[in-house]
Amino acid sequence: MDLNFGSQLRLKRQDAGLTQRELATRSGLSVAVIRDLEQGRTKQPQPRSIEALAGALRLRPAPPARPAPPQRIETASQPVIQILGPLTLRFAGWGAGFGPGPRTVLGRLALTPGQAVPRAELIDLLWPAEQPPASAVNLVQTYVSRLRRVLAPAGLLSLVPGGYALAVSADHLDALRFGDLVDEAREVATRDPARAGELLDRALALWRGDPLADLVALAEHPSVVTLREERVRAGLLRADVADACGEHDVAVRMLRPLTDRHPLHEPLHARLMLALAATGRQFEALELYDGIRQRLLEQLGVDPGPELAGYRQRVLRQQWRPAAARPVRATVPFQVPAAPADFTGRAAPLREVHRLLDQPTAAVVCAICGVGGVGKTAVAAMVASGLRAAYPDGQLFVDLRGSGPAPLHPVEALGSLLRALGVERDLPADVTERAGLYRSILADRRVLVVLDDARDAAQVRQLLPGPGRCTALVTSRRRLVDLAGARLVDLDLLSAGEAVELLAAVAGRARVEAEPRAATALVVACGRLPLAVRIAGVRLASRPGWSLHAFVERLADERHRLDELRAGDLDVRATFERSYAQLAPPEARTFRLLALAPGVQIGLQAAAALLGIDPAAAEHGLDSLVSVNLLQWLPGDRFTFHNLLRLYAIELAGALRVRAVGLTARTG
């Protein structure tokens, strides 16, 4: 929502905890001026007034500029509150920004989820070193109201006896998610240290810095101190399971930042000392011991405790598990099929998809859309092949069978995805629970998920990864405009040059180069549709005696062209039939009748007359066909078929007319 100057001024004043009179005193302006500005009576404030208000509110004036859009967070369909670092609130695909007042309130509530926080405590936090303003209670209510407007769809923030409470689960709050992962790791640490290590890696990856690092008022809150301690305990457990698995290099990388943050913490230094020695750095390990021993003496006047001394003895005696004992990790899934070996062209769409997916820290959904046979799956496979190194945790692939008569149900697709991720048993039966487990497993991984041949957005939504670094690449014959947050790439036909190059790759370069004019005519007859060009190439390759010119003549008869464009299981007509079969009866009628229009284009009014319906109804039907790529929209509200689709529609219209004539003869 765009805010005018008055609305922004009112929000900034409230965030600062000032009344209109207090702001007037600070800025040197009158109360009437400020009131008129906030109520929009003064449309263009004087520059000197703006400077005075900015100084009073401690704002840095910015030069006039086009406002930047809010930060897009592609897959956050539920509120996600992050406190393991600077406070972040993500909801409905947007990063929500608030002033310091609402941020402090939200941060405090998130520290004790499910518990009532008294209004008096919030007031003390907001105005710790000064007398709260007379409007303090109203300001707190304002802050809570603004937070509730954002969180309202999920109903997470409410007024309870004794104050306000945030009712969240681990899906909404990173601190709870962290605790759940650590608890699960503790349960399996003894019997399966490798699994415990994976869980702890996911838990520790949630940390982005000190808890609520941007909220000074909460820096020493007991819950913040507890979170810091829990992070240390998780680090100690991770070091212990790393030692059990021989993953000493992992322990070194994880422990170094923790020991830097806690220079007197003996258990952390003890484990880092052992990990350093186990990775061949025994001298560095003993130096680490000498360093903390010196700090303990100088700052606390004590010697190292028995635990640290015991670890030093382990280092001297080389008592650690050899790295060779490290267990073999599960195979990383790379399921995306290889692109065709003769893949040709498509430089522009490949660049566009790569650009859209080049977001190393944010989840992305990209949908490649186009008519059946245009090569969507091949492009997706090429993209996945080129990005294998960018997704070290794997690439998943599911054929959703959306263009066929039996599309894959999301619960079946999730089962396939979860099995690929190593979940073999005890799969939840409910689709929502499966989706939650799937998103939880992917939460801290970098995985590319390719969802091929989607019927519609509804089939895809539950299969998208949650917030994190994973990416979903979807292909569909339908333009998935209703898939929230998806970046669409409309895949067009091959250029004439690309189509000839594909024909040469399949049929043989020497034959194509020997008949360049016939080659161009052939790809034009195929409508530059990759599937049709490939079929033509396959048929030529299987008939070494055919000339390209002879095959062009066979395709010249439009009544039988689709018969010619069939080879084995490659069939242009069958591809179109799958799209046509999904149309509702009114859309199917529109598709057939449009083929009877003279010329290659038709306008909206002409289409309405041909269909015998009003223009509004005709426009709806035409738009429906455009959305599933069975019709192309042209500027000026004109429409046209791909030439092979037109032949298919003419076939359908002719067959219907023949059946009607036969029925009339039998009943007459």
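Do any helices (runs of 4 or more DSSP H) lying entirely in region 548-591 carry at least 2 residues that are out of contact with any helix residue (DSSP H, G or I) (no Cβ under 6 Å at 6 or more places or on another chain) and either among the aliphatic types (A, V, I, L, M) or in contact (Cβ under 8 Å) with a residue 60 or more places away in the chain (or both), and which ones are they? If you could, list the steps in order and put the result at the bottom.
Working: elements: 548-556, 561-564, 572-580.
Output list reads 548-556, 572-580.
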Inset, instruction - Go through (1) closer than 19 Å to ASP180 by Cβ; (2) surrounded by fewer than 21 Cβ atoms within 10 Å (Cβ to Cβ); (3) not polar (S, T, N, Q) one by one and return the number of the condition ARG434 breaks. - result: (2)
Inset, instruction - Give, as residue ranges, the helices (runs of 4 or more DSSP H) completely inside region 1-117 that count at least 1 residues that are modelled with pLDDT under 75 and aliphatic (A, V, I, L, M). - result: 5-15, 20-27, 31-38, 47-56
Legend entry - Within region 324-339, tally of residues that are modelled with pLDDT of 90 or more and surrounded by 13 or more Cβ atoms within 10 Å (Cβ to Cβ): 5
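Out of the residues in region 96-150 that are among the hydroxyl-bearing types (Ser, Thr, Tyr) and within 15 Å of HIS221 (Cβ to Cβ), state the one that is surrounded by the fewest Cβ atoms within 10 Å (Cβ to Cβ).
For region 96-150, the residue satisfying everything is THR112.
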Legend entry - Qualifying positions in region 627-657 - part of a loop (DSSP other than H, G, I, E, B), in contact with a Ser or Thr (Cβ under 8 Å, 6 or more places away or on another chain) and farther than 21 Å from HIS560 by Cα: VAL628, ASN629, LEU631
Inset, instruction - Can you tell me which residue within region 126-180, out of those that are free of Cβ contacts under 8 Å to residues at least 24 places away in the same chain and part of a helix (DSSP H, G or I), is nearest to GLY436 (Cα to Cα)? - result: ASP180
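Among the residues of region 254-282, which ones are among the hydrophobic types (A, V, I, L, M, F, W, C) and either at positive phi or outside any loop (DSSP other than H, G, I, E, B) (or both)? Show your work before the answer.
Narrowing region 254-282 to residues among the hydrophobic types (A, V, I, L, M, F, W, C): 254-255, 258, 264, 268, 270, 272-278.
Of everything in region 254-282, those that are among the hydrophobic types (A, V, I, L, M, F, W, C) and either at positive phi or outside any loop (DSSP other than H, G, I, E, B) (or both) turn out to be MET254, LEU255, LEU258, LEU268, ALA270, LEU272, MET273, LEU274, ALA275, LEU276, ALA277, ALA278.
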Inset, instruction - Sort through ARG534, ARG528 and tell me the only one that's crowded, with 21+ Cβ neighbours inside 10 Å, part of a loop (DSSP other than H, G, I, E, B), in contact with a Leu (Cβ under 9 Å, 6 or more places away or on another chain) and not hydrophobic (A, V, I, L, M, F, W, C). - result: ARG528
Inset, instruction - Scan region 372-414 for residues that are under 18 Å from the mean Cα position of the chain (by Cα), under 25 Å from LEU494 (Cβ atoms) and outside any helix (DSSP H, G or I) and jot them down. - result: LEU387, PHE397
Legend entry - Complete set of residues in region 502-537 that are in contact with a Pro (Cβ under 9 Å, 6 or more places away or on another chain) and of a type in the set (Lys, Arg): ARG511, ARG534
Inset, instruction - Could you please let me know if PRO598 is closer than 30 Å to ILE613 by Cα and loosely packed, with under 14 Cβ neighbours inside 10 Å? - result: yes
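So, in region 437-454, exactly how many residues are touching a strand residue (DSSP E or B) at 6+ places or on another chain (Cβ under 9 Å), surrounded by 19 or more Cβ atoms within 10 Å (Cβ to Cβ) and of a type outside the set (A, V, I, L, M, F, W, C)?
Here is the first cut: in region 437-454, the ones touching a strand residue (DSSP E or B) at 6+ places or on another chain (Cβ under 9 Å) are 442, 446-454.
From what is left, the residues that are surrounded by 19 or more Cβ atoms within 10 Å (Cβ to Cβ) are 442, 447-454.
Applying the additional criterion that residues be of a type outside the set (A, V, I, L, M, F, W, C) yields 452-453.
The number of residues fulfilling the criteria is 2.
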Inset, instruction - Would you point out the residue of region 360-371, among those that are over 13 Å from VAL489 (Cβ atoms) and at pLDDT below 95, that is surrounded by the most Cβ atoms within 10 Å (Cβ to Cβ)? - result: ALA363
Inset, instruction - Determine which single condition ARG321 fails, assuming it passes every other condition in (1) surrounded by 13 or more Cβ atoms within 10 Å (Cβ to Cβ); (2) under 19 Å from the mean Cα position of the chain (by Cα); (3) at pLDDT below 90; (4) not acidic (Asp, Glu). - result: (2)
Inset, instruction - Could you tell me whether any residue of region 148-155 is over 26 Å from ARG10 (Cβ atoms), under 26 Å from the mean Cα position of the chain (by Cα) and of a type outside the set (Lys, Arg)? - result: yes
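The values are calculated or read from the model by the stated rules, or taken from the named source; none is laboratory data. Since this is a predicted model, take the numbers as computed values, not measurements. Quick reminder, even Gly has a Cβ in these numbers, built from the backbone with ideal geometry, and neighbours come from all protein chains shown.
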